[in-house]
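First the structure, in the form of structure tokens, and then the observations on it.
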Amino acid sequence: MLHSPIDRIAGATPPAIAARVKGLSDRAIAWLFVAPSIVLLLAINIFPLIWTIRLSFTNFRVNRPNEPIRFVGLRNYINILTDGDVWRSMQATAHFLIWTIILQVLIGFFLAYLINKKFRGNDLWTTIIVLPMMLSPAVVGNFWTFLYQPQIGLFNYVIAFLTGNDPSSFSMIASTTLAPWAIVIVDTWMWTPFVMLICLAGLRSIPSSIYEAAECDRASKWRQFWTITIPMVLPFLMLAVLFRGIENFKMFDLVVQLTGGGPGSITELTSINLKRAAFEQWRTGYASAYAVILFVTVFGLASIYVKALNRVKQR
């Protein structure tokens, strides 16, 4: 007598299909279950990538669907690599990427080191510190735009209190000197908790017996920090750098909300420059080549970095 749903399904399966399934090997059954995911991956990731590479060698413009598509070879790639605006956006991206990673790693590790020391209210402070990364970039962008306002922004009044300057004498998002640092500050505020959590996981994975053995050898706290803590947390730090590096290389929404790439083009990152080429100038073939160059850059640097990370983990 059939009781469970599986028994009922098995009983309702036509004999011919049941015989075929019984004849499949474990490997074939495994592929049968994995096949839908592979098809979905090909449809969502692989096909668009191949299509983008194809368009990068053409003069295609999406706003001119009736215009004949011509093969232009490497012209789009050459135009990109010789375009001064592209290199300026690369420079802005490098500034944003390097400083956000440095600040987030230093502050994140420092916070993780403090949180790892058990004290009263530990869980409460951990929750408060993690709150910024739970917000959406659009909310954070609007929130900090208000804080950066020269007349009413709290940020300007804090700086004025510390320096004695007039709060309305400077604008973080309207100054060509301060705007690049304004987006660095906001991204650091938002994503330092993420780095802190990764570092905290690394700190709590260190066996206490190692520190006990070091104390038996009369190693100082400073010595323990540099010879035990840093080497054992280093793979976690490198993993945090990898995640934040990839994310910040393609940063878009937060910067658009804060500065829109301005003033002028001083904070126009590569993602914003790419968006303007694709959806404002409608140079689809050119933008496709731009996207391929960025993909190859990120993929190549990430591959080299992962090899270095694996070497550190194997030490």
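A few points about this structure:
- Summed side-chain charge close to Phe225 - residues other than Phe225 whose Cβ falls under 14 Å, Lys, Arg +1, Asp, Glu -1: +2
- Taking a ≥ b ≥ c as the square roots of the eigenvalues of the Cα gyration tensor, an a/c ratio of 1.5 or more together with a/b no larger than b/c marks the stretch 87-164 as oblate.
- FRET efficiency for the Arg70 to Lys275 pair, using the beta carbon distance and R₀ = 25 Å, is estimated at 0.55.
- Of Thr100, Thr163, Thr229, the one that fluctuates the most in a GNM where the chain has Cα springs shorter than 10 Å: Thr163
- Cα-projected label distance for Trp31 with Met90, points at 7 Å along beta-carbon direction, nm: 4.3
- Mean separation of Cα contacts under 8 Å, 6 or more apart, over the residue count of the chain: relative contact order %: 27
- Choice from Ile304, Ile198, Ile129 with maximal GNM fluctuation in the chain (Cα, 10 Å cutoff): Ile304
- In this simple spin-label approximation, Asp166 and Trp222 carry label points 7 Å from Cα along the Cα→Cβ vector, and these lie 4.7 nm apart.
- Test item: Cα-centred dipole of the chain, Lys/Arg +1 and Asp/Glu -1 on Cβ, debye: 900
- Each residue of the stretch 204-220 was assigned a 3J(HN,Hα) from its phi angle through the Karplus expression (A = 6.51, B = -1.76, C = 1.60, θ = phi - 60°), giving 7, 8, 7, x, 5, 5, 5, 5, 5, 5, 5, 5, 5, 7, 6, 6, 6 Hz with x at Gly and Pro.
- The count of lysine pairs in the chain that are at least 8 places apart or cross chains, and whose C-alpha atoms lie under 30 Å apart, stands at 8.
- Residues of the stretch 230-267 with amide N under 16 Å of the 7 Å Cα→Cβ point at Val139: 254
Quick note: the coordinates plus some simple rules give every number you see, no bench work behind them. Because the structure is predicted, anything quoted here is derived from the model rather than measured. Reconstructed Cβ throughout: ideal geometry from the backbone, glycine too, with neighbour counts over all protein chains shown.
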